[in-house]
Structure formats: structure tokens, C-alpha cells
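Here the structure is laid out as C-alpha cells; the discussion comes afterwards.
The values are calculated or read from the model by the stated rules, or taken from the named source; none is laboratory data. All of these numbers come straight from a predicted model, not from anything done at the bench. Cβ sites come from the backbone with ideal geometry, for glycine too, and all protein chains shown count toward neighbours. Surface accessibility is based on the protein's heavy atoms, side chains included, excluding ligands, DNA and RNA. Shrake-Rupley method; radii C 1.70, N 1.55, O 1.52, S 1.80 Å.
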Amino acid sequence: MRFGAVGEIKMNSRVRRRVSRLVTSLVAICAMLWLGGSLAQAAVPIIFDTDISGDVDDVLALAMLHTLADRKECDLRAVTISKINPLTGRMVDAVNTFYGRPNVPIGVTRDAQHRESKYLKLVETHDDGNLRYPHDVKSNEDLPEAVMLLRRTLAAAEDHSIVIVQVGLAANLADLVESKPDAISELRGVELIRKKVRLVQVMAGAFKPINGDMHYLEANVRNGIGSMQRFSDRWPEGVPVIWSGFEIGIAAAYPRESIARDFSYVDHHVVREAYLLHSGPNHDRPSWDLTSVLHAVRPNDDYFGLSERGRVKVDDDGYVHFTLAANGRDRYLTMTHDQSLRVVEALRHLVSQPPHYEQ
């Protein structure tokens, strides 16, 4: 009887361990599904067009694309930069390298707004003579022009596959629309877009009054009115544009508690240090660019609603009009209070997720 009891105890212990592992796996799967992940969806091929320099949400959005790529939910094909600062290319390369993707192609604009930055200096930080955030890019002058990289990336892509996430000025996409046939592709820009792009997700404009302002001039439009007009006027009608307005980002601010608590798995984290240099420890930064990334990669997970179809027009002062149209190219994101709670939680988990390096 004693031996039987021991065997029963051992058996129960083995069963308990198996049950524990099963429960742990089920919890992980449920959490992944609750956050919006899919166990079977194909990775979304992404081009990220960013003005990384002034605001820090670009850094968080780029980090988020990498963690989504770690989850096999997206495939980051290229990053193009739409503002001018000599450290932008190095910063993008440093973030890409931190997340284990040092070879993601980077392109830069040569003709757009020059912008100072509170955090880009991180790429020049050394510890014991070594770069804190290693990167290979030495100068933006060594990088290709953004429109050339856009054309090259699209030409190599499957038809109707690419999702472009634009979270800054429209300079690069406006130049892409107007680009001419070249050695990369015999197609004009608008033809290449029709053939290769599935949709573009844009953070720009405001589609609700902001603090009572019925004529709010959002910065991504105001700082490059001409390029946003060229983009909105000439982007082909058959390729959808989803706009994330200023009101979405301010309703889903990134929590300062995450910056304080969620990045301690390494001594130096590029997201945490960039955020602190830009916003300090006592500010919940609006998640403008992050919402565009979230909807681009997880459009069917009920984080957001969508407006009816319509058409966006940009006035000469930078004000963005939306007019309903039955078969319109444009829609904009909407978000309820309950959705905003899910959005903030998803953003926190994705931005703070530790990098996964392929073995």
C-alpha cells in the first residue's frame, strides 16, 4: 500500500505538471487572442514612412512594428523618413538593430521640413567607448532617396500586398505618386501604387473638434501642406486610404507607468530612454502613430471603428475636410471609450515586449 501511495503521488505530480503546462499554454493563447493576435493570419508586408525626429511616438511605433514582426504578424520591408535631421537614419538603424533587424532598408527625403529633436542624440551615446545603441549607418548621405526605395520595395512585392503606414509628412508618398518610369520599374508611380499597394494608413488631420476647435490644423498636415495636398489629390482612387486623426491618439495616451516599469529587462532600452528625453517621466504621451500601426496590422480586431466612405481634401491653410461619397477612397478611424481601453492595453504590451532574436 505504501508503494502504491507513492506511485499515486508521483502520478498525481506528473498530471499536475502536465495540467499546469496546458493551462499556461491556454492562458498565453487567450492573451494573444485578446490582444488582437491571430494564430493563422499571414504577416502583413509593411512600409513604414516616418518623420522620426520631433515627437517620440515614431520610436514607439517602430518598436511596435518589430514586436509585431516577432509575432509573425507583419513583415517590415522598408523604412522611409520624411523630415530632415542628420541623425534620423542613424536612429532608425539603431532601433532596427536593437530589435534584431539591422538590414531593414532605410531611405531619406532630401527636400522636406528640417526638424530639431530632443532624443535623436541617443545614437551618439557611448558607454566605455562603444555605442550604447549599435548601428551601421554613418550618415543620411549614404542612404538612398526615399522615393527610390519606395519604388524598389514596391516593384519587388507581390501584387496588391503592401500596406504603407505614413505617420509624418506626405513628402515621400507625394513624390512616389508623381515618380516616372526608371530602371527600377517601367511603371509610373501611380501605376506602381495601383499594382502593388493594398492600402495606406495615414496619421494626419483631425475628424472631430479638438478642445472645441472646429478648425484644428494638425501638425503632419500643417508642416507640409503642399505635399499633403499632392498626396490627397493624386493618390489613386482604387487604393484605400485610412486616416487616423489627431483625436484618436489623444484618446489613447501611452501610460507613463509602462515607461517606469515595463522596460527593465535590459539596462538601456532605446524606447524608454527616447521617451524620457522627449516627454520626461510624468507624461502620458498621445499614441498618434501607434494607432496607425495597430490598425494597419490588426484591422479586423475591433480596436477601432471606421467612418463611412468619403473623400479627403486639404485646404491651403492645412485644414482637412472629409466629405461623404458612396464609393470614396478615404475613411477615418473612430474609437469608443471601451475600445480605447483595449487599444492602450494592446499598445503597452506590444511596445514593451522584449525583442526576440532569431537563432
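Odds and ends about this structure:
- Residue under evaluation LEU169, criteria (1) outside any helix (DSSP H, G or I); (2) touching a strand residue (DSSP E or B) at 6+ places or on another chain (Cβ under 6 Å); (3) closer than 21 Å to LEU290 by Cα, criterion not met: (2)
- When the residues of region 270-283 are filtered to those that are under 21 Å from ASN96 (Cβ atoms) and touching a residue at least 40 places away in the same chain (Cβ under 8 Å), the one that is most open to solvent (accessible area, probe 1.4 Å) is LEU277.
- None of GLY189, GLY226, GLY205 is at pLDDT 95 or above, open to solvent by less than 50 Å² (accessible area, probe 1.4 Å) and in contact with a Leu (Cβ under 8 Å, 6 or more places away or on another chain) except GLY189.
- Of all residues in region 160-185 being over 18 Å from the mean Cα position of the chain (by Cα) and of a type in the set (Val, Ile, Thr), the one that is most open to solvent (accessible area, probe 1.4 Å): ILE184
- Among the residues of region 116-132, those that are polar (S, T, N, Q) and not in a strand (DSSP E or B) comprise SER117, THR125.
- The condition (being open to solvent by 60 Å² or more (accessible area, probe 1.4 Å) and at pLDDT 95 or above) is satisfied by just one residue among ALA260, ALA253: ALA260.
- From VAL147, VAL137, residue being part of a helix (DSSP H, G or I) and under 22 Å from the mean Cα position of the chain (by Cα): VAL147
- ALA206 being at negative phi, of a type in the set (Gly, Ala, Ser) and touching a residue at least 40 places away in the same chain (Cβ under 8 Å): yes
- Residues being surrounded by fewer than 20 Cβ atoms within 10 Å (Cβ to Cβ), within 30 Å of GLU273 (Cβ to Cβ) and of a type in the set (Gly, Ala, Ser) - total across region 310-359: 1
- Only one of the numbered conditions (1) touching a residue at least 40 places away in the same chain (Cβ under 8 Å); (2) open to solvent by 20 Å² or more (accessible area, probe 1.4 Å); (3) within 20 Å of ARG230 (Cβ to Cβ) is not met by LEU149, and that is (2).
- Residue count for region 315-340 under the criterion of being part of a loop (DSSP other than H, G, I, E, B) and among the hydroxyl-bearing types (Ser, Thr, Tyr): the result is 2.
- Among the residues of region 284-309, those that are part of a loop (DSSP other than H, G, I, E, B) and surrounded by 15 or more Cβ atoms within 10 Å (Cβ to Cβ) comprise ASP284, PRO286, SER287, ARG298, PRO299, ASP301, TYR303, PHE304, SER307.
- Subset of region 102-114 (residues that are touching a residue at least 24 places away in the same chain (Cβ under 8 Å) and either surrounded by fewer than 19 Cβ atoms within 10 Å (Cβ to Cβ) or assigned to a helix (DSSP H, G or I) (or both)): PRO102, PRO105, ARG110, ASP111, GLN113, HIS114
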